[in-house]
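Read-outs throughout are calculated quantities, based only on the coordinates presented, and are distinct from any laboratory measurement. Keep in mind the model is a prediction, meaning the values are calculated, not measured. Don't worry about glycine lacking a Cβ; one is built from the backbone with ideal geometry, like all the others, and counts go over all protein chains shown.
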Amino acid sequence: MENIPGHVGIIMDGNGRWAESRGKSRSYGHKKGSDNVDRIVTHAFGAGVKTLSLFAFSSENWARPKEEVDELMRLLERYFKKFIGKVLKNGVKLSVMGDISVLSDSLKEVIERGMSDSAGMTSHVLNIGVNYGGRQEIVRAVNKLVSEGREITEKGISENLYTAEFGEPDLIIRTGGEYRLSNFMLYQAAYSELYFTDVLWPDFNEEQFDMALLSYAGRKRRFGKI
Ligand code: IPE
Ligand code: IPE
Ligand code: MG
């Protein structure tokens, strides 16, 4: 396929509804959703995508029932542990965007280890949003500039976002049938192409990812020009 987006963001939505429609607990849906991540990561990198930004847990998701939040944290820890074991084999650099300071010590530890173990990897970037909110990210960047006594500029803000090193998504995919960004990469999404699908995240497979790539390949990005 031609015109593969270098950086793809995915809002992985629909785990809860996927489970509820089967008479199962929402947590079961999150387990299925989490099991789906590596299938899509492997496929996307194989297709030529360099950077993937995945929205795993938003700064607003804390408002869910404790049991569900606990399960999501458990699954994240399991995911990062698995990632650490594979670092040398897959050459992927891990980045985590969001305020991780409030996470449990054990989750923080696997995240920090995943990032430091993979810091030298250059083939791909896997960027995961954990306790991430786009507004919080912008405020954080502006505060950094202020604390350094620097002028607030677009360049300055970009340089202080979690994505400073690898930039803005060319394409943002949202699964699960909602047509909104829900606080995902607000600053970076200014000129991202958007792709929405009703497919719920646990059902989102390689074929559906290719449909998003195909849609992207046919887009004309104008960036305000003609
Ligand atoms: C996405 O699935 C995962 C997270 C937001 C953590 P949801 O849990 O939002 O699933 P739905 O949207 O309720 O179906
Ligand atoms: C967005 O999904 C967050 C993640 C996918 C992690 P939500 O399910 O939280 O979004 P809303 O509440 O439907 O906007
Ligand atoms: Mg949702």
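Among Arg74, Arg22, Arg39, whose mean-square fluctuation peaks in a Gaussian network model of the chain (Cα, cutoff 10 Å)? Fluctuation is largest for Arg22.
The chymotrypsin sites (Phe, Trp or Tyr not before Pro) of the range 184-226 that DSSP puts in a loop, and whose beta carbon has at most 15 other beta carbons within 10 Å, are Phe223. Residues whose amide H falls under 5 Å from that of Leu194, counting only those 5 or more places apart or on a different chain, are Ile172, with hydrogens built in the peptide plane. The calculated FRET efficiency for Leu214 paired with Asp117, based on their beta-carbon distance and R0 = 35 Å, is about 0.50. Relative intensity of the range 1-104 on a log10 scale, I(q)/I(0) at q = 0.10, 0.12, 0.13, 0.24 Å⁻¹, equals -0.32, -0.46, -0.54, -1.47, per a Debye sum over C-alpha point scatterers of equal strength in the absence of solvent.
Is the shape of the chain best called rounded, prolate or oblate, per the rule: a/c under 1.5 gives rounded, else a/b larger than b/c gives prolate, else oblate, with a ≥ b ≥ c the square roots of the Cα gyration tensor eigenvalues? If you can, show how the numbers build up before the last one.
On the way: a/c = 1.35, a/b = 1.09, b/c = 1.24.
Note, shape of the chain comes out rounded.
Here the alpha carbons of the range 69-110 define both size measures, Rg and Dmax, at 11.0, 31 Å.
Kindly identify the range 50-155 as rounded, prolate or oblate by the Cα gyration tensor criterion: order the square roots of the eigenvalues as a ≥ b ≥ c, call it rounded if a/c is under 1.5, otherwise compare a/b with b/c, prolate if a/b is larger, else oblate.
Values: a/c = 2.14, a/b = 1.18, b/c = 1.81.
Oblate.
When both the range 22-95 and the range 168-209 are represented by their alpha-carbon centers, they are found 15 Å apart. Among the trypsin sites (Lys or Arg not before Pro) in the range 158-226, those placed in a DSSP loop whose Cβ has at most 15 other Cβ atoms within 10 Å are Arg180, Arg219, Lys220, Arg221, Arg222, Lys225. Database remark: amide H of Ile10 closer than 5 angstrom to the amide H of Ser53, Leu54, Phe55, Ile173 (H placed geometrically; neighbours at sequence offset of 5 or more, or on other chains; Pro and chain starts carry no H).
The modelled label-to-label distance for the pair Asp38/Ala190, using points 7 Å beyond Cα in the direction of Cβ, is 3.8 nm. Between Glu151 and Leu88, the modelled label-to-label distance comes to 4.9 nm, taking each label 7 Å out from Cα in the direction of the beta carbon. Its alpha carbons considered, the range 6-64 gives a radius of gyration followed by a Dmax of 13.2, 38 Å.
For the range 107-226, the normalised intensity computed at q = 0.10, 0.19, 0.21, 0.22 Å⁻¹ comes to -0.41, -1.27, -1.35, -1.37 (log10 of I(q)/I(0), Debye sum over alpha carbons, equal scatterers, no solvent).
Applying the Karplus relation 6.51 cos²θ - 1.76 cosθ + 1.60 with θ = phi - 60° to the range 114-121 yields 3J(HN,Hα) values of x, 6, 6, 4, 9, 4, x, 6 Hz, where x marks Gly and Pro.
Going down the table (Lys82/Lys108; Lys31/Lys89; Lys31/Lys82; Lys31/Lys81; Lys32/Lys82; Lys50/Lys155), which pairs top 18 Å between alpha carbons?
Working: Lys82/Lys108 15 Å; Lys31/Lys89 24 Å; Lys31/Lys82 14 Å; Lys31/Lys81 15 Å; Lys32/Lys82 16 Å; Lys50/Lys155 23 Å.
The answer is Lys31/Lys89; Lys50/Lys155.
Label the range 94-141 by shape, choosing from rounded, prolate and oblate, from the square roots a ≥ b ≥ c of the eigenvalues of the Cα gyration tensor; if a/c is under 1.5 it is rounded, and otherwise prolate applies when a/b is larger than b/c, oblate when it is not. Display every interim value, and only then the final one.
Values: a/c = 2.68, a/b = 1.29, b/c = 2.07.
Taking the square roots of the gyration eigenvalues as a ≥ b ≥ c, the range 94-141 is oblate.
Taking a virtual spin label 7 Å from the Cα of Glu60 along the C-beta vector, which residues in the range 132-163 bring their backbone nitrogen under 16 Å of it? Residues 132-138 fall inside that zone. The label-point distance for Lys144 and Glu207, in a model that sets each label 7 Å from Cα toward Cβ, rounds to 4.2 nm. Equivalent ellipsoid of the range 116-179: semi-axes from √(5λ) of the C-alpha gyration tensor, largest first, are 24, 18, 11 Å. Around the amide H of Leu94, modelled in the peptide plane, lie the amide H atoms of Ser118, Leu126, all under 5 Å away and 5 or more residues distant in sequence or on another chain.
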